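Written out below as structure tokens is the structure these notes cover.
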Amino acid sequence: MTALRASLASRLSYQPHRTMALVGAAACLLCLSCLPCRAAPLPPQAASLQVLHWWTSASERKAANALASRLADENVAWKDAAIPGGAGLGAGKVLRGRVLAGDAPEVTQIIGTSIAEWAEMGLLLEIDGVAATGNWGNVLFPAVYKLVRHRQHVVAAPLGIHRVNTLFYNRKLFARFKLAPPRTWAEFERAAQRFKEAGVPALAQSREAWQVAALFENLALVEGGPAFHRDLFVRQSQQAVADNRLLAALERLRAMKAWMSHPVEELPWTEVVQQLAKGEAAMLVMGDWAKGELVAGGMAVDEAFGCGAMPGTGKYHLYSVDTLTMFAGDYSHMPAQEKLARLMVTPPVQAEYNAIKGSVPVRRDADPARMDSCARASWSAFSQDAAMLAPSLVHRMATDEASKDAIIAEIHRYFVDDAVTPQEAQRRLSGIFRALHGKNAKN
Ligand code: BGC
């Protein structure tokens, strides 16, 4: 590990001072007449930060641009390096490749358990000073403050909290069918049945693996609440995987296919949101970045669409927290990196960014009166006791990258292949947990 860290750290820092010295020496050798040889003064450079992230949809872009403008106000240019791919699947791969090539960006969207994985290699800038000055220990929600720290150091700056257990519904369709927004599972089933009978797909859904697994972790939450969700996805306990509630969640996932258009297509999340927007489907279970996208498309909350918690999870908050981390490199970007970290947590930036993005502020002193009804519900749910919160598996909040990928792949396989029985999927998940248990020694 130490050798890897040393080699990564040395490849990571591109060392501009050394490069400039070499350029200077070469100039000296060429210019024999200029004695004594002095390097020409460098023009003062405006600070800039390259930011690697996966915010590429209309609302994500708008939110990132708002942040970039605030950063420009502080004389730091945001050099955008956006990598498409919902839930950061592409961005993660690009980041690994760039770090190995010694070309790490100065700022990267790294979230959840991935923060610790990168911090453990000694690559992330510690921003304890920024956190202390901004009083992050008091102003941030405890679950957020915990996420941004590694070995007693703050190594990430938080932006917003997404609620993954959100149900969206098309208000026009609900009005046409004289249906009230479902809060319980029974109401959800009744509404879905009505739409199905009328030939309207009740639920917009993609067969992309991460989107299927996101629906499934909602179902695990419906069945067993946050404690069961944690036992499954954080502890990966054998007892939880053998539990009948897991079987029930698998059975529900299979049954819900009847509510979706057939065959379920492999669509990026933005297109799934469009199906709800156009009335091609009545409901959608997705993180509230979908709200940002609907609003960016001209639809208003509580008018064109509504949102509530996934039926049966009203009290719970299945969360994904967005954070940016800074690669230390040769520390030449530290002042600009610290500026960005400080700025991100300030109340005006929190309010502006989150209103566009669909997430809610990471600050406990945010003003709920300034939020729309979806955001207010999310922010209040997140303000509760930790027992009501569940860290999202799909969005890297619950477990490491390799474990997450293995679990998601198995759920996806079960979803796409109706020949796999729920019992078989349960057995396979149990096998994966056993393998992971050996690796993580967590049970
Ligand atoms: C991120 C969101 C993003 C969503 C869709 C999640 O992992 O937290 O910011 O909008 O993925 O890509």
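Values in this text are rule-based calculations from the coordinates and carry no lab data. The model shown is predicted, which means the values in this text are computed figures rather than measured ones. Glycine also receives a Cβ, built like all others from the backbone with ideal geometry; neighbour counts cover every protein chain displayed.
For the range 180-220, which semi-axes, largest first and in whole Å, follow from the square roots of 5 times the eigenvalues of its Cα gyration tensor? It would help to have the intermediate numbers written out before the result.
Details: eigenvalues 88, 42, 8 Å².
Each semi-axis is the square root of five times an eigenvalue, giving 21, 14, 6 Å.
One-quarter of the Cα convex hull surface for the range 184-332, in nm²? Write out the running numbers ahead of the final one.
Values: hull surface 48.4 nm².
In nm², the orientation-averaged hull projection of the range 184-332 is 12.1.
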- What whole number of Å gives the distance from the Cα centroid of the range 151-215 to the Cα centroid of the range 388-424? 18
- Item | Where labels lie 7 Å past Cα in the beta-carbon direction, separation of Met334 and Arg190 in nm | 6.3
- For the range 372-379, just list the computed ³J(HN,Hα) in residue order, Karplus coefficients 6.51, -1.76 and 1.60, θ = phi - 60°, integers in Hz, with x standing in for Gly and Pro. 6, 4, 5, 5, 4, 5, 5, 5
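Given a Förster distance of 35 angstrom, what is the FRET efficiency for Lys178 paired with Val416, based on the Cβ-Cβ distance and rounded to 0.05? Show your work: numbers first, answer last.
On the way: r = 35 Å, r/R0 = 1.00.
The formula returns an efficiency of 0.50 here.
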- Message: In whole Hz and in residue order, list the ³J(HN,Hα) couplings for the range 404-409 that follow from phi through the Karplus curve 6.51 cos²θ - 1.76 cosθ + 1.60, θ = phi - 60°; x for Gly and Pro.
- Response: 4, 4, 5, 5, 4, 4
- Note on the structure: Residues whose built amide H sits under 5 Å from the amide H of Ala47, excluding neighbours closer than 5 in sequence, are Ala77
- Item | When each of Lys291/Lys404; Lys62/Lys257; Lys62/Lys178; Lys172/Lys404; Lys278/Lys404; Lys357/Lys404 is checked by Cα-Cα distance, pairs over 27 Å | Lys62/Lys257; Lys62/Lys178; Lys172/Lys404; Lys278/Lys404
- Query: Residues in the range 232-270 near a label at Arg434, defined as backbone nitrogen under 19 Å from the 7 Å Cα→Cβ point?
  - Reply: 232-233, 235-244, 246-247
- Message: Can you compute the radius of gyration and Dmax for the range 296-416, using only the Cα atoms, both in Å?
- Response: 17.6, 51
- Collect residues whose amide H, placed 1.01 Å from N in the peptide plane, falls under 5 Å from the amide H of Val154; neighbours closer than 5 in sequence don't count. Ile127, Asp128
- Query: GluC sites (Glu not before Pro), restricted to the range 301-400: which are DSSP loop and have at most 13 other Cβ atoms within 10 Å?
  - Reply: Glu303
- Where labels lie 7 Å past Cα in the beta-carbon direction, separation of Glu401 and Arg364 in nm: 3.3
- Task: Quick one: what are the phi-derived ³J(HN,Hα) couplings along the range 55-72, Karplus 6.51/-1.76/1.60 with θ = phi - 60°, whole Hz, x for glycine and proline?
- Result: 8, 10, 6, 4, 6, 4, 4, 4, 5, 5, 5, 4, 5, 4, 5, 5, 5, 5
- Evaluate the chain: find the radius of gyration of its Cα atoms, find its Kirkwood radius, and give the ratio Rg to Rh. 1.03
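Sort Tyr145, Tyr319 so the one with the fewest other Cβ atoms within 10 Å of its own Cβ comes first. Please list the in-between numbers first.
On the way: Tyr145 18, Tyr319 27.
Ranking Tyr145, Tyr319 by Cβ neighbours within 10 Å, fewest first, gives Tyr145, Tyr319.
Would you calculate, for the chain, the mean residue ellipticity at 222 nm contributed by helices, counting each DSSP H stretch of 4 or more residues as -39,500 (n - 2.57) and dividing by all residues, to the nearest 500?
Values: 20 runs with 225 residues, N = 443.
Calculated at 222 nm, the ellipticity per residue is -15500 deg cm²/dmol.
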